[in-house]
Each structure stands twice: as structure tokens, then as C-alpha cells.
1. Give the residue, chosen from D:273, D:340, D:290, D:363, that is crowded, with 20+ Cβ neighbours inside 10 Å, over 15 Å from the mean Cα position of the chain (by Cα), away from chain B (no Cβ under 14 Å) and at pLDDT 95 or above.
2. Quick check on this structure: which one of D:105, D:116 is over 30 Å from residue D:304 (Cβ atoms) and either within 14 Å of another protein chain (Cβ to nearest Cβ) or at pLDDT 95 or above (or both)?
3. Read through the list (1) more than 14 Å from every other protein chain (Cβ to nearest Cβ); (2) farther than 30 Å from residue B:211 by Cβ; (3) over 23 Å from the mean Cα position of the chain (by Cα); (4) not in a loop (DSSP other than H, G, I, E, B), then give the number of the only condition that residue B:7 fails.
4. Looking at B:90, B:81, B:25, which one is in contact (Cβ under 8 Å) with a residue 60 or more places away in the chain, surrounded by fewer than 24 Cβ atoms within 10 Å (Cβ to Cβ) and either within 14 Å of another protein chain (Cβ to nearest Cβ) or under 19 Å from the mean Cα position of the chain (by Cα) (or both)?
5. If residue A:100 satisfies every condition in (1) at pLDDT 95 or above; (2) within 14 Å of chain C (Cβ to nearest Cβ) but one, which is the exception?
6. Among the residues of the range B:201-228, write down those that are touching a residue at least 24 places away in the same chain (Cβ under 8 Å) and loosely packed, with under 15 Cβ neighbours inside 10 Å.
7. Report whether or not residue C:168 is within 14 Å of chain A (Cβ to nearest Cβ) and modelled with pLDDT of 80 or more.
């Protein structure tokens, strides 16, 4: 049973690989957040996510005033008051955390996004990568798989690379073969990882270039944890990149904030 | 095409009769074809070829167009794989691959019979292939490759373009082009006369050319009215009456009357501030080929206050050209008009100090004239000519006018690429973008 | 005389040893891993033990598959396309078209009198390869074998529109969320991949008899879907994985016999196996 | 660079950095450098105007980044590469650049250049699609326009005598290149396809006189040229989209085969290899002679060759008209097999492929179709395909 008399708002961001949720209070302070793999069903993921969140916050559904869902899987979620575009949610979320940020980079599993945000947290321009997984974050998952290392270990590997291999971002699945044969040819794991990081960074920068970079700029989503990728991105960008403490939940957080606004309007 | 429930867009009454004659004349051409009247397969040729064929009484049909039809009726899949199986590279124009599949089916499997599954009456074996070098290469390479499957005689309308701003502005250069193409058309006519064993009716040709120009003039006036805020006519209405302007479907004289009515209705709306959507929050333009399969999308967007005020440059008549009527020779008249069509927006852009030589020019000009808040750019996997300029255009619109654009992915034959949900999912974010750039334009001292 | 074929594919590494009658006297199949040279040595040892032969008793060794250049003891490298064609036609002399669906590549082979005459391969995009099903299998926590069987239960398959492995994942998750029966989803996946396969292979104009090889050939669901789309029955070897290695061995045999008949001596490479620590 | 270098040594040296060499020449002679991108602009005009014609190449090793910002993937990767390099300033050293409407992608590329690359100043050469008398007249007019643009750029005009002289030099060059190709008729060929491309790309970066000198030296040295192949191997012809880097040829020749002749833009098409008389007449209306020859002799499928406007059409005759010269190539160079190469999104070659294949099938010549991107990194996957093709030619 939660602290009665209070109102809580929840934002859930159901992605292809991971589902993230945030509960905030009236002051838009984060009460609890949770991240879990989406598995094979968006609906189930959303349900599990909800109960986990309530547990963590010690609340019940009754305590929730408003639920907003966003992300690829949001159409499959049934228990929400409102569905909002992830682009808008990301903008609101980052703006609450870092009001000065003007560009947000989000490297997703399927598609990547770059958006401009104004001081009010409104989207002022955005671009989404084309429908080919060539330049998507999935490539890192593939990489980790082939090398038999954890996603989180990739960063450490790549920053130790002396001379990164040049890859061309083709189908992420193909890159796998390329990687395997490179290992066979005796290339260093470090250089391979660094090479993939570079090629992914290049792809993202292409995207940024198409709408331009407004500083300061922040990166959200899972890949923000990958220090190797970040390093390469910074180098190629020649700019600092802000990384929120919990980059994965920024969009969900934004959804929750939107929920609160919609609630107070009604 | 796709089942529409919503009816948010206020469609114009006067397009119904126009639509009717378009369908009527389409069916007539099918009938004529069935009765064995000579049929020519044509590339869209921006009227220079069509008027000639109509004047000498040959039915023009457009495999490009038919590609869209096959896709809409779900038979394209079959034709595409026939084309692939015959060793034709899959990165080529989707419409052409559909056509190759169709022809393989007709000529190899059915010995010249129209395939039973062919939608809307199919395309009968032609007596002539009329290729064109305008706009893109497939439009002549495609027909050349058809020689693999049928021995149909072919003609190519060779139309070089002024490729630099200087040449667009240089009368002598354009004159030289006109001389070249007029000569080409004369040879075409004598070739036709030999092929059909009949003479060209020059008076009829003359009338047709004038009727076309008049029809286009009115159509242009209608489009001028659409500059009004709020906009009285939605892109959907233009798309449904476009065939009478682009393919000259239906007797132009008849179309003229109906276009006059269309003008009246649109004018009435302007005078009474009637808008084509319930509330015009955003004015948009659309480039280039419409998603025929998902037009319902525009109803959803209309609900959000998106009004599409101008679209598809290739379907539009240009601003009327001065003193064409003085020109004796109907061929020269139509050819001059043809080059006017391809150059006048470039000249307009130069007047605006933008200097745009590519086919982005019309949209650069329109963005200002129609006070648009945003552009929807429809990039197509297998259509180079409608896609190649889109990035440049988006960049220019932003740089010159601070007008943002929304890119949507689709294809001309594989409709599964286009996702209405994706577009709607982005709509919200794009609205915020459009609002933001309104302010930006004000800062730049622009008036919309 | 003995002849060996080593086929290092993107997912499996196979070796086959045949005798002068052309009969298979030993074969080994192991998952491909990064250390291909070691792997090659290891399976060679295993195969030799099976047939209890020593490496020097092998008259000719041909390496094939995309890892063919990592087989230190091979006498010659030959492309997997030629080898598959040979292997398949050894098993089915009547074959005209062979479809090999590997982990990441997809091949269509046109065969005439046991000789490769034309072929097509996928590139740029891995749609229509075994990887597609692998990704789906571990998304659904199922084994590749299960996929086949489960799909047979399907009454009405769903339409999976994205050919791209990565985007299809999203579609599957949506369908599952809509409570679509899993067998229908899987059946849908099988048709999606079969569609890609048939599309590609039809570019070399398919003629019967048609043989399907490669790991995916073990998936009855896909095989049925292919038959459906082709309108032909297809043949599947009992061990669809080894046709490449078998073909390689046979080519080796032909080379040696040809040379002998012409009285030429046969140049063979070094017959030394490298040290391999067997850490698995 | 040491001045006394000649022949193959010189080629190897210049090949490493043609831009450095040509800048050096500009420094010495003050001649301006005018870049060109396809085989249609008559180099005679550039030479007559006392400029250095410099063939602009893409870069298969430079990842396309800027270019992808402004050109979508439906534009062929070669043009995207050129635009990319331009945006990155690779061509700033040029005093002028000639784009041409040789194909759709090239045309669009030129337009994008106009709108987003300021340097160097450039011209877009318009080219008709047919070869009718009227088309030739128009092309002549276009060439006059081009001449005018060039003279304005240079601030000086040139006389018809200069043009005559230039034509003679280029006639000579076309002849020498023919003889270079003759070296490849031997079995094994005296020079590989890779070397041929190197030599030609070097002479395309130099003034015609220089180029001719080098060609003569190379022809002399060819006999005792060290690296000349000893082993026999399958003799291949490569047909299709532009190849301006040896990357692809190396992959083929590493497999023990030789590219003995080609029908591609940088090499044979630029020099009208198919023509028995590659000489432009030096009498009469020189501009008209150039217009006629360049429009007809450049064997690029972007030109509508063959029968239009004939009442009776016949596919076999059509193929014969369009591809007859390939038959000569095959017999003269004893070609075993043909590689049909069309860059992805190259329309003019893409549509041609099935027809060329039909023609080769008629002749009973095996062929394979490849469709790579303009990017060295995407080539290795072709190795297997090429090897398999060579195996189908062999007795395996």
C-alpha cells in the first residue's frame, strides 16, 4: 500500500530488446524505475514491467493517476491512458534532466534517431534512420555474441585498440561473418570491436549531419553505456557528449512527465 | 484502393463529374483496345507525344501508370518475380520490372493474349512503343529491353535539357533544343503515318494542342486559388483529377468545362473562407508520387489539422507561357510549352535568389508561395527520379526558408514498405517541429 | 586411395573422407568457431581416427567453404558452389537445381551432368538465410528443430512482411502480443524465408529435380513452404550438411584419378597437423 | 619525383599520387587543370585551350559520409563517392570540373554539386540520347557552348589550328592505347588488366603529350617488363559500369585469371577501342567532327544505339547492331568468359545486362553477372563467386 493521498505517474517505454519504466511523483521526482528484457511479447513485457515497478515503489495500480506508454511495442500495451511518440518523450525527458541540451542521439536496436530539442523540451527537428539494420545497435549485440563477451565488455575491449579495422556498415547479420573470418585471420578482438564502434559511429554521424548538430548534445539508450562507442562518436564528432546517469530510462521518464501534464490538464 | 472509413477532408463536389469522364475515357480506351484499335505503350511524355497519338487516333496507355495499378491490385508481386526469374536486375525501376513480368506472361506464356489476372482490362499488345529520355533513363532503356519479348516498333522522344542555370536563361539555347525536338516529332509523325498507313490530321492536332494549353491554364488558376489561407482544395482532390491534365484522359474540351466548374467551386470556397480540412493547423506540400495504396493516411492527418495544399510537381501544368498562341506550328507550340514546363520554376527560383536547377525548384518556389509549414518527402526504394533530389530538397527548404521536412519511406510496387503507423507515430513530433520553425521564419522576417 | 573434403561454413565445419570407390568412410560435423585453423586440425584428427587412417594415407585434400583458406594441410581450395554441385549430384544424379541454405548464405546452383553451369548467391542482405530462423528461434526460446515441428500444427499462417531479420523480430513480438498462436507465427516465418529463397534462386530458372541442402533443410516447415511456392517436390539428403565436403572429396578423387590416367604426378601440400589443444 | 623515370617506373610513381604530379606540372607550365568525369567531353577542346584534362575518379577506400547526407541510396555509389569527395574538398585543386548528363545519376550528381559544392566552378555537359543528324547538330551546339564557357573561364580564346593540333595528338593517343591493348592479345598477356588500368589512369591525369610519351615508353618496355605474367590463365573480358580502381580487377586476377580486354568507361570506351579508325578528321568543320565522333564512338549504353523508327524490329539484329563489337573483342583477345558488372543502381548498365547476356549466350560465351557497390570493402565477398565462375570454365 503506497503513501495514500499522493498521486503517481508512470511512463513505460517498450522497446524491441528492453522495456523500461519510470514512476514519478507530483514533483516529477523519480520514485522508482525498472528495466527488463522485452522477451518475445510486448504485452507480457509491459505487464511484468508494471508489477515490478509497483513492487519497487511499494504502490498499487490504484495509486497510479496516469499511465503513458511509448516505444515500438506501445501499441500492444492495453492498460494505458495515452500513447505518445518516443521522440517526444525523449525530448521531454532529456529536457527535464538537462534543460540546456539541444541535440539528442538515440541509437536503438532497430533504428537510430537524432532530435533537436528547444528550451521548452519541444522537438524542433528530428531524423530516423532508414529501414535497414546496417547502422543499428543490433550490430553490437551480434558482435558481443560472436566474441562471446558481454555487451558491457565491448567498451573496455575497444578502448584498448591500437589500430581499429575499417568495416563498412552492411547488413548487421553479414558483419557477423566478416567478424568471424577476421578472428580466423588472427585480428585482435580489440581492433575488431573498435572497428565496429567506428563504423556504427560513422553511420550515426551521417544521420546527425542530415539535420545538423546543436550543442550541447546528449546520448540516450543502451549504447550510451558503451564507452568504446562513445569514445569513437566523440572523436568523430569532435564534441563532448552528455551521458545521463540512467541513459536507458530517459524516454520512459519523459513519458511519465507527459502523463503528469495530461493528468493535471484534465 | 485501401478501404477508407474516415471522411475528414472536405472533398469538392465538382471533381465527381471530372472523375467520371476520366474513368469513362479510361474504360473507352480499354474497349477500343479490345475492339482491336491500335494501342501505343507510352512513357509519360508531358504531352508532346500524347497530342500526336490522340490526333492520329492511337490509344496511348502508360505502363508506368499500370505498374501502380498492378501494385494496388496485388498482382505486381507475381510480375516482379517473373522479371527477377528472367535475369533482370532487381535494383531497376519497380514499374519497369512489373512491366517485364507482365510482358513475359503475355508474350511467352499466353502467346500475346492479355493475362486473365491483369487488373482494369490489362494492356493489349501495342503497335508502338513510345520511349522518352525525359526525367530518367529507365524511360528509354526499359522499352529498349522490351525488344527481348516483342518485336514492336519503337520510337524515342529525345529531349535534352538545359543543365545549367545559364542555359535555362539563354533563349538561343532553348531555341536550339526546341528545333531539335520539333524535328524529332516531325520524323515521329511521318514514321507513324507509315506505321498506320494513314495521314496526320493537322487541324485536329492544332485543336488538341490549344485545348490542352487552355485546360492547363484553368488548372493553373485553380492551383493559384489554393494559395489562399485556409487552403480550399486538398491534394487528394488534385490527385483524383490529375489524369485529365497529365494523360489528357477524356476529351480536353469536355475537361475544360468541368475544370471551369472546379474553378468556380474552389473560388467560392476562397471567398467564403471555406477550408478543405475542418481546421487548418498546418499547411504541407507533398513530393512526389502519392502513396496510392494508403491515401486514407491523409484523412488521419486532416483530423490532426494537416492540410496538403500543393503536391506532385510532375502532375502539374506550369504557369501559362507567354505568346505561345502566336506560334503557327502546333508542334513548336507544344514543344516550347514542354520546355517552359521544365524550366520555368528554375527561373522563378532564380528570381527568388535561390538558383535551383534540379526538380527541387518547384517546391522551393511553392514553399514560399503557398506558405507551407512542412514538406512530406516520399522516398521510394525503386524510383530514382522521384527520390534522388529529396535530401537536397529537404536541406534547401531548411536552409533557404526554414521549412522542415518529414521523410517517409515507401515503394512504387512493394507497398509493404510504406507504414501508415510509422508516419502517424512521427506526426506528433513533426507538429512540434513545424511550430518551432514558424517562430524561426518570423525571426528571419519571412511572412509565414 | 583416400580423399578428404573439408568444408568450413559460417555455422558448421564438416569433413568427409571417401575411399577409391567413392564411399564415405568417415564424416565429422562440428559448429564453426573463430579459431578455424585449430578447428580444421581437430576435425581432421577425429575423422582420421574414425576411419583409423593417418594423414599421410590421404591422397588428396580439398578445402572449401568461406573458411577454405584456413585449412593448413589442404592441397587445394575450391569454392563451395562447385563442391556442393558435385556432392549433390553424387547423391542425386538426376538433380538440375540445388538450393543450399547455410547459416548466412543462400546459394542456387544450376547443374548439368554433375557439373556446375550457373549459380546465384545472396549478398548485402542476410534475409532468407539460416540466421533468420536462428534469431527467431532464440527469440522464442525454441530450438531450430522445434520450429519445424511446431509450424506443422498451424492452421492459418500469419503474414510476416519484413524480410530483414532484425525487423521481423519486431513483427513477431507484435503478433505474439496479439495472442496469435505461436505455430501460426512460426509458419509465417517459414513462408517469409521460403519466399526470399525462391525469389533468389528462381533467377537461375529452377528445373526439377530440385535438391535442398544446408542446415535449414532439416527444418521440415521451411522445406514444405519451399515446395509450396515452387509447385515442385524437393529432395533432401539424409545428411544435408555434408554435401559440400563430400563434393570436395569427390573432386579430389577426380583430380588424382585424372592425373594418374595422364601419368602425371600429383603435387600435394604438407601433411603435418598442427598442435591443437582440445579445450572443448 | 626523379625526372629521369620512364615507362612502367614512371607509371608506378605517378599512380601513387597523380594529383601531386599534375599540380607540379601546373606549377611548371602554368596550364590550368580541368577535371572531367566521363568519356563524353572531347578532351581535344581542353588540350586546344592549353589546359590539362584530368580525369576525376571516386575513391573506393574512402567511406561515403557527406555524400550520403545529400544523395539517397538510390543514387549509384560511384556518383555518391564523387560528390562526397567534392564536398570534402578533394577536388578543390581543380581549376574547373566538367560534369556531364551521361546518365541520370551523373546528371543529379551535377545538380547537387551546383547547389552545395562551391569549388571548383563546373559545367554540366548536355548529351543527346540518339544519334540522328539533328542530335549531332545539337551536340555540336552544346560543344560550342562548352568551348565558350571554357574560354570565358580562361579569359582567352583558342584558334582552330590549336584544335587541329590537339586532335592530332589525341588521335595519336587513341592509336597508342590500341597498341597497348594488343599486348594483351598474347597468351599469357604481356600486361595484366590491373596494370592496364594503372597505366591508363596515369595518362588520363597528364597532358596528352606526356601521356603519349609514357605510352610509347611502356610499349617499348613491355617485352622485357619484369612483372609480366608467366602462367597461362582464363582470359576474361569485363563489361559494364565504371571501374576506376584496380580493387575488383585484382580480386579477379588473384584467382589466376586475366582481364585481357574490357568494355568499360575509364579504359576501352574512353579511347574507342572498338573502332578501326579512332581518328577524328582534321579537315572541314572540326567541332562538327568532334561532335559526330564522340557522340557515336563512346560505347556507353546511355546512348540509344540501334533501331528506332524502323517498322520491322528484330531482336537478334538489334543485339548484333548494338553489341557486334563485343564479338570482335572476344575473337581478337581470345576471351573465355565475360564478367558483366553493373554497379547497384546503375540504370543504363542494369537494363543492358540481360541483353548483353542474351548476345553472349548466342555466341556461346559463358558470363557471370556481378552487382557490387562502389566500395572496396564490399568486394571480397565476390571472391567466391569469381572463383566459382572460373571453376565452371575449367574442367573440374
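1. Values: D:273 fails: over 15 Å from the mean Cα position of the chain (by Cα); D:340 fails: away from chain B (no Cβ under 14 Å); D:363 fails: crowded, with 20+ Cβ neighbours inside 10 Å.
Just one listed residue meets the conditions, D:290.
2. Details: D:105 fails: over 30 Å from residue D:304 (Cβ atoms).
Criteria check complete, one pass: D:116.
3. Of everything listed in (1) more than 14 Å from every other protein chain (Cβ to nearest Cβ); (2) farther than 30 Å from residue B:211 by Cβ; (3) over 23 Å from the mean Cα position of the chain (by Cα); (4) not in a loop (DSSP other than H, G, I, E, B), residue B:7 misses just condition (4).
4. Values: B:90 fails: in contact (Cβ under 8 Å) with a residue 60 or more places away in the chain; B:81 fails: in contact (Cβ under 8 Å) with a residue 60 or more places away in the chain.
Of B:90, B:81, B:25, the one residue that is in contact (Cβ under 8 Å) with a residue 60 or more places away in the chain, surrounded by fewer than 24 Cβ atoms within 10 Å (Cβ to Cβ) and either within 14 Å of another protein chain (Cβ to nearest Cβ) or under 19 Å from the mean Cα position of the chain (by Cα) (or both) is B:25.
5. Condition (2) is where residue A:100 drops out.
6. Listed by number, the residues that qualify are B:201, B:202.
7. Numbers: within 14 Å of chain A (Cβ to nearest Cβ): yes; modelled with pLDDT of 80 or more: yes.
So residue C:168 fits the description; yes.
Rundown of residues vs (1) modelled with pLDDT under 90; (2) under 17 Å from residue B:436 (Cα atoms); (3) surrounded by fewer than 24 Cβ atoms within 10 Å (Cβ to Cβ), yes/no style:
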{"site": "B:379", "(1), (2), (3)": "no, no, yes"}
{"site": "B:383", "(1), (2), (3)": "no, no, no"}
{"site": "B:396", "(1), (2), (3)": "no, no, no"}
{"site": "B:400", "(1), (2), (3)": "no, yes, yes"}
{"site": "B:405", "(1), (2), (3)": "no, yes, no"}
{"site": "B:408", "(1), (2), (3)": "no, no, yes"}
{"site": "B:416", "(1), (2), (3)": "yes, no, yes"}
{"site": "B:419", "(1), (2), (3)": "yes, no, yes"}
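The values are calculated or read from the model by the stated rules, or taken from the named source; none is laboratory data. Only a predicted model underlies this, so the values are computations on that prediction, with no experimental measurement involved. Note that we place each Cβ from the backbone using ideal geometry, even for glycine, and neighbour counts take in every protein chain shown.
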